[in-house]
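Participant: Just passing along the structure, written as structure tokens.
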Amino acid sequence: MNRKYILATSVALVAGMAAAEETVSYASYGGAYQEGVRKAILDHLPEDHGMTVVDYVLAGGIRDIRSKVRANAVDIDVAELYGGLCDLAAKEGLIEELDYSQIPNASGIPEHLRNTHWVGFTAYSTVLAYNTDVYGDNPPKNWADFFDTENFPGLRAISAQSPATNMEIALMADGVDKADVYPVDMDRAMGKWQELLPDIAVMWSSGAQATQLATSEEVDMIAIWAARIDAAIDEGAPYAYTLQDAVMDVECLVVPKNSPNPEGAMKLINHLLDPEYQARLPEFIPYGPMNQDAFEQGLVSPEDAANIVTSSENLEKQLITDMPWWADHQTEAQTKWDSIMLQ
């Protein structure tokens, strides 16, 4: 064979391989969480994907997406947002519609978490945790007990971050079945919180602070993220918690408007939702797979599934935040919350 032809063919093959490689950018919240997603999922891209994933950190969450889109300077293909922000981003026209024909792994995501513009990825739950040394054989079992200071005296702590989750907790404590929480009766919820306000010792502003409240035993009951109370228990804090009527907020994946590589974004989302790799998440971060195929296919052992908030069994116990409702009512709810809780 002619040497020039061989050389030309080799160059063409190398060029073809280079062209097949593509860069896709993924943005999340940084820290141990994003590192865990990389170790569990992003470091295991199948060779036939032909892509390299570059990480970005969303320091400002939806504000970062908003500013990039409005400045026509989008450099992110796939972004992760907290639950209620997903619908807000869609309403503001900040994100693209998803092409589910390119995301077959989304079939394992619960149907109500597959939106035209976003899809559920991981989740975190706010649970009722309590000091076992204080309550012994008669621990609080639900949010009604959390508000019952006569039968369950002691100091309480709650999140100060948002009325979301807190309003749902108050309504369930007031006897509303979790199936009937939405639309949220904001005035009823705030009336319930106003009753408990004198017994709230701390309103925590970060997950780290919430964990510290438990490890130092500063409060007897606390509404806290499951991953954070697990961390305190691992450090020896004498606490337990219940998932009954816990409030789950789902983190979702979106594609910012005018993404540099929208086709690559769909491929990456499909990989992020792959049950095989989602099942690895609890090895690195205290977040479970949202793809229910990870449980149904036996990729997560029954013993491990019992302690994962997103398992099929545990999902049934919890209230999943209604993201569209909060996208429409966040501002009004925040005003009502601040007027009472931040007096």
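The values are calculated or read from the model by the stated rules, or taken from the named source; none is laboratory data. In this text, all values refer to a predicted model and were calculated from it rather than measured experimentally. All Cβ positions, glycine included, derive from the backbone under ideal geometry; neighbour counts span all protein chains shown. The protein model used for the area step is the full one, side chains on, heavy atoms only, and it has no ligands, DNA or RNA in it. Shrake-Rupley method; radii C 1.70, N 1.55, O 1.52, S 1.80 Å.
Participant: Go ahead and run the numbers for FRET between Asp137 and Glu313, Cβ-Cβ distance against an R0 of 30 Å, rounding to 0.05.
Facilitator: Values: r = 25 Å, r/R0 = 0.84.
About 0.75, to the nearest 0.05.
Participant: Now, a different point. Placing unit charges on C-beta atoms (Lys and Arg positive, Asp and Glu negative, everything else neutral), compute the dipole magnitude of the chain about its Cα centre in debye, rounded to 20. The partial results should precede the final answer.
Facilitator: Working: 21 positive and 53 negative charges, 277 e Å.
In total the dipole reaches around 1340 debye.
Participant: How big is the stretch 75-189 by the Kirkwood estimate over distinct Cα pairs, in Å? Kindly include the intermediate steps, with their values, before the conclusion.
Facilitator: Details: mean 1/r = 0.0576 Å⁻¹.
When all Cα pairs of the stretch 75-189 are included, the Kirkwood radius is 17.4 Å.
Participant: Continuing with the same structure: Taking a virtual spin label 7 Å from the Cα of Arg38 along the C-beta vector, which residues in the stretch 231-272 bring their backbone nitrogen under 19 Å of it?
Facilitator: Taking a point 7 Å out along Cα→Cβ of Arg38, the residues of the stretch 231-272 whose backbone N falls under 19 Å are 268-269, 271-272.
Participant: Okay, moving on. For the stretch 263-338 and the stretch 154-225, what is the separation of their Cα centres, given in Å?
Facilitator: Each part's Cα centre sits 22 Å from the other's.
Participant: Of the listed peptides 277-289, 95-107, what is their order by residue-averaged count of other C-beta atoms within 10 Å, with the highest listed first?
Facilitator: Values: 277-289: 22.2, 95-107: 16.4.
Order by mean packing, descending: 277-289, 95-107.
Participant: Here's a follow-up. Taking 0.36 nm per residue of separation and subtracting the Cα-Cα distance, what length does fully extending Ser205 through Thr52 add?
Facilitator: My answer for the length gained is 51.5 nm.
Participant: Just grab the label-to-label distance for Gln102 and Ser216, each label 7 Å out from Cα along the Cβ direction, in nm (one decimal).
Facilitator: Inter-label distance under the simple model: 4.9 nm.
Participant: With the other protein chains left in place, how much accessible area per residue, in square angstrom, belongs to the chain at a 1.4 angstrom probe?
Facilitator: Values: 15570 Å² over 343 residues.
Per-residue accessible area for the chain comes out at 45 Å².
Participant: Going toward the positive end of the dipole of the chain, with +1 on Lys and Arg Cβ and -1 on Asp and Glu Cβ, which of Ile308, Ala144, Asn270 do you reach last?
Facilitator: Checking the options against the dipole of the chain, the answer is Asn270.
Participant: Probe radius 1.4 Å, ligands and nucleic acids ignored: give me the carbon and sulfur share of the accessible area of the chain as a rounded percent. List each step's numbers first, then the result.
Facilitator: Values: 7530 of 15570 Å².
Using a 1.4 Å probe with all protein chains present, the chain comes out at 48 percent carbon and sulfur.
Participant: Can you pull the one-decimal nm distance between simple spin-label points at Ala59 and Ser301, each 7 Å off the Cα toward Cβ?
Facilitator: It works out to 4.2 nm between the two label points.
Participant: For labels at Gln194 and Ala71 in the simple 7 Å Cα→Cβ model, what's the distance in nm?
Facilitator: 4.4
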